[in-house]
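A quick write-up on the structure given underneath.
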Amino acid sequence: MRGTRAAQRYAKAILSLAKDKNSAEAVNEDMISISKTVLNSRDLENMLTSPVVKDSIKKSALLEIFKDLNAVSKGAINVLLENGRINILHLVARQYIILHNEMNNVQQAVVTTAVPLDKELEAVILAKVKELTGSKASLKSIVDENIIGGFVLRVGDLQYDASISRNLTRLKRELKDNTYVSKI
């Protein structure tokens, strides 16, 4: 993807400055908000990447959308605008989140379910991830009706598949290989 190396450099610099100012956690919350907002708004993404829209308009729009930004986050937006790199803002935000999680030994856990998770089930899953890996995790929830029921949990390179579709596939394979059933 274009701009990821530059985004990583900017994210490292922002994290370093945020640590120096003891505001790494607040900047992380800002970056989560920026990342989600830009990814969920096609119009905002188009405005940021458009060469026709002036930087002053981009800056005022961003500061209006994100009113409660930390000073470090506002400074990051200003630097990206000055360097003509505001089009990679969402990439910088995503890279910052990754670097912040690595710094705090927080892993990304992805859970796929057939229905949306409620808060207490999320807490149970996060506790189980902490028990299995020994470190905290942030949880990303994906809803996929194709798994029918149960869940698929991925943390790093570990995967635990307790979905009904997997069990049905396994059962189908066992019945297919069974010589008594295949003759029927």
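Would you mind ranking Tyr96, Tyr10, Tyr160 by Cβ crowding within 10 Å, fewest neighbours first? Numbers along the way, then the final one.
Numbers: Tyr96 29, Tyr10 23, Tyr160 14.
Fewest-to-most ranking of Tyr96, Tyr10, Tyr160: Tyr160, Tyr10, Tyr96.
Treat each spin label as a single point 7 Å out from the Cα along the C-beta direction, and report the Ile164 to Ile142 distance in nm.
If labels sit at Ile164 and Ile142, their model points lie 2.0 nm apart.
Rounded to the nearest angstrom and ordered from largest down, what semi-axes does the equivalent ellipsoid of segment 4-102 get from its C-alpha gyration tensor (root of 5λ)? Display every interim value, and only then the final one.
Values: eigenvalues 84, 35, 33 Å².
For segment 4-102, the ellipsoid semi-axes come out as 21, 13, 13 Å.
Where is the GNM fluctuation largest for the chain (alpha-carbon springs, 10 angstrom cutoff): Glu29, Glu102, Glu145?
Largest GNM mean-square fluctuation: Glu145.
Step through the table entries Lys140/Lys176; Lys21/Lys136; Lys54/Lys140; Lys58/Lys119, compare each Cα-Cα distance with 31 Å, and write down the pairs that go over it.
Lys140/Lys176; Lys54/Lys140; Lys58/Lys119
Convex hull over the alpha-carbon atoms of the chain: what's its volume per residue in Å³?
Values: hull volume 32.0 nm³, N = 184.
Taking only Cα atoms, the chain has a hull volume of 174 Å³ per residue.
Determine one quarter of the surface area of the Cα convex hull of segment 105-182, which equals its mean projected area, and express it in nm² to one decimal.
Spelled out: convex hull of the Cα atoms, projected over all directions, averaged, 6.1 nm².
When the chain is treated as a GNM, springs tying every alpha-carbon pair under 10 Å, which of Lys130, Lys172, Lys67 comes out with the largest mean-square fluctuation?
Evaluated over the chain, the most mobile residue of the options is Lys172.
Set the Förster radius R0 to 45 Å, insert the Cβ-Cβ distance between Ile57 and Glu122 as r into 1/(1 + (r/R0)^6), and round the FRET efficiency to 0.05. It would help to have the intermediate numbers written out before the result.
Working: r = 39 Å, r/R0 = 0.86.
So the FRET efficiency works out to roughly 0.70.
Given 0.36 nm per residue, what is the gain on full extension from Asn178 to Ser33 after removing their alpha carbon distance, in nm? Each step should come with its number before you reach the end.
Numbers: separation 145, 0.36 × 145 = 52.20 nm, distance 5.34 nm.
Contour length minus Cα-Cα distance gives 46.9 nm.
List the residues whose amide H sits under 5 Å from the amide H of Lys136, counting only those 5 or more places along or on another chain, with H placed 1.01 Å from N in the peptide plane.
It is Gln107, by chain and number.
Find how many whole Å separate the alpha carbon centroid of segment 152-169 from the alpha carbon centroid of segment 123-139.
Cα centroid to Cα centroid, the span is 16 Å.
Per 0.36 nm of contour for each residue apart, how much would the distance between Asn40 and Ala6 grow if the chain were fully extended, relative to their Cα-Cα spacing? Mind dumping the intermediate values first?
On the way: separation 34, 0.36 × 34 = 12.24 nm, distance 2.25 nm.
Result for the pair: 10.0 nm of gain on full extension.
Treat each spin label as a single point 7 Å out from the Cα along the C-beta direction, and report the Asp20 to Val79 distance in nm.
Here the answer is 0.9 nm between the modelled labels.
Once both axes come from the Cα atoms, what is the angle between helix 71-82 and the longest principal axis of the chain, in degrees from 0 to 90, rounded to 10?
80 degrees
Distance from a point 7 Å along Cα→Cβ of Val106 to each backbone N in segment 143-162: keep the residues under 19 Å and list them by number.
Residues 154-157 fall inside that zone.
Taking θ as phi - 60°, what are the ³J(HN,Hα) couplings along segment 149-164 by the Karplus curve (6.51, -1.76, 1.60), each to the nearest whole Hz, with x for Gly and Pro?
Couplings: x, x, 7, 10, 10, 10, 9, x, 9, 8, 9, 10, 10, 10, 8, 5 Hz.
If I take the Cα coordinates of segment 77-117 and project them onto the principal axes, what are the three extents in Å, biggest first?
So the three principal-axis extents are 44, 25, 10 Å.
Every number here is computed from the coordinates shown, using simple stated rules; none is lab data. If you're wondering where the values come from, they're calculated on a predicted model, not measured in any experiment. No Cβ is skipped: glycine too gets one built from the backbone with ideal geometry, and neighbour counts run over all protein chains shown.
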